[in-house]
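Below: the structure, in structure tokens.
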Amino acid sequence: MEDQEVLSYREETNLHFNSKAYLQRFTDPHDLWYHAAILKCWHTFYQEHGKEFDPTKTSMLEFGGGPTVWDLISVTPFVSSITFTDFADTSRTEIQLWKSKNPDGHNWKPYIEYVVRTLEDNNDPNAVNLREQEIRDKIHQLAPCDARADKPLGDNIQEEFDIIHTNLCLEAVCDDKETFYRYLKNVCQYLKPKGCMLIVTACECHSYQCWKGEDNLHALYLESEDLDMACKTAGLTVLKKHIVQDASAVNATSNSKYYQFTVAQKN
Ligand SMILES: C[S@@+](CC[C@H](N)C(=O)[O-])C[C@H]1O[C@@H](n2cnc3c(N)ncnc32)[C@H](O)[C@@H]1O
């Protein structure tokens, strides 16, 4: 019998989660409707609550950020440092390319412009470039994470954060609800008491593609009530939920029925 190559989860993920392909959805008009709606959720939350955070000492963790920084645009002015994590090596490479202004890095300028000019109504000619640089500068750590581990950030990161964002991640890496609850709880160990967790979840979804024509990737089918249970199990109180849905819109790369934006606070 021929030896069969057995790929590790990391190799599988790097192979099937195509970070460059995933970034294409951030340039395609079909995905912009829900991206704009979710950008508005972060914007609204930080306009209302950002002043409650001291920008000189508020720490933030991005858990499973993939190759994207879209959720950092609104939060950055309110934090002093961002620890950015993702499981896939290829995703962290994309973030590093962008952070170091490498020409091969993704162009996040249109998203930053949308938040700064349209949502924040800031017409200062330098505002977009300044925000972009501020995000780059505040990402002070780029590290691996693994939601499956008891310590998802490994031995090197042990601190607790004031804010954690995790978007479209945990539902993509587990097979059943109990595991989802456990993974969220694992991530919550890094949140300070009374710290804020902002979660974006693709709901009623079975699978997604990084981009059209790419492999079908698994997603756990979750409904809004499952997120309530997950938060409760993780010791979080849900403060706000917002459903993002547009029946007329086409989402070419996922079969999710809606997205939920959840804000929760650690008890
Ligand atoms: C659909 S992407 C979401 C990316 C990004 N957060 C966003 O908002 O678009 C799912 C992410 O889960 C990451 N991932 C895969 N396995 C993981 C694991 N075991 N633990 C944490 N993240 C994992 C992938 O690398 C990928 O970046």
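Laboratory data are not the source of any read-out in this text; all were calculated from the coordinates shown. Here the structure is a predicted model, which means the values were calculated and not measured. When we count neighbours, we look across all protein chains shown, and the Cβ atoms used for this are built from the backbone with ideal geometry, even at glycine.
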Find all pairs meeting these conditions: Cβ atoms under 9 angstrom apart; at least six residues apart or on different chains; first residue within the range 69-96 and without any contact (Cβ under 8 Å) to a residue 60 or more places away in the chain and part of a strand (DSSP E or B); second residue more than 9 Å from the ligand (Cβ to nearest atom) and among the acidic types (Asp, Glu). none
In the range 5-32, what residues are within 12 Å of the ligand (Cβ to nearest atom) and either outside any helix (DSSP H, G or I) or exposed (fewer than 12 other Cβ atoms within 10 Å of the Cβ) (or both)? 8, 9, 12, 17, 18, 25, 26
Checking residue 147 against (1) in contact (Cβ under 8 Å) with a residue 60 or more places away in the chain; (2) surrounded by 15 or more Cβ atoms within 10 Å (Cβ to Cβ); (3) within 26 Å of residue 56 (Cα to Cα), only one condition comes out false. Which one? (3)
So residue 186 passes all but one of these: (1) within 15 Å of the ligand (Cβ to nearest atom); (2) surrounded by fewer than 20 Cβ atoms within 10 Å (Cβ to Cβ); (3) polar (S, T, N, Q). Which condition number does it fail? (2)
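Kindly indicate the residue of the range 193-218 that is over 16 Å from the mean Cα position of the chain (by Cα) and crowded, with 21+ Cβ neighbours inside 10 Å and also nearest to the ligand (Cβ to nearest atom) among those meeting that condition.
That would be 205.
Name the residues in the range 144-162 that are within 15 Å of the ligand (Cβ to nearest atom) and farther than 15 Å from residue 234 by Cβ, would you?
144, 145, 146, 148, 149, 151, 153, 154, 157
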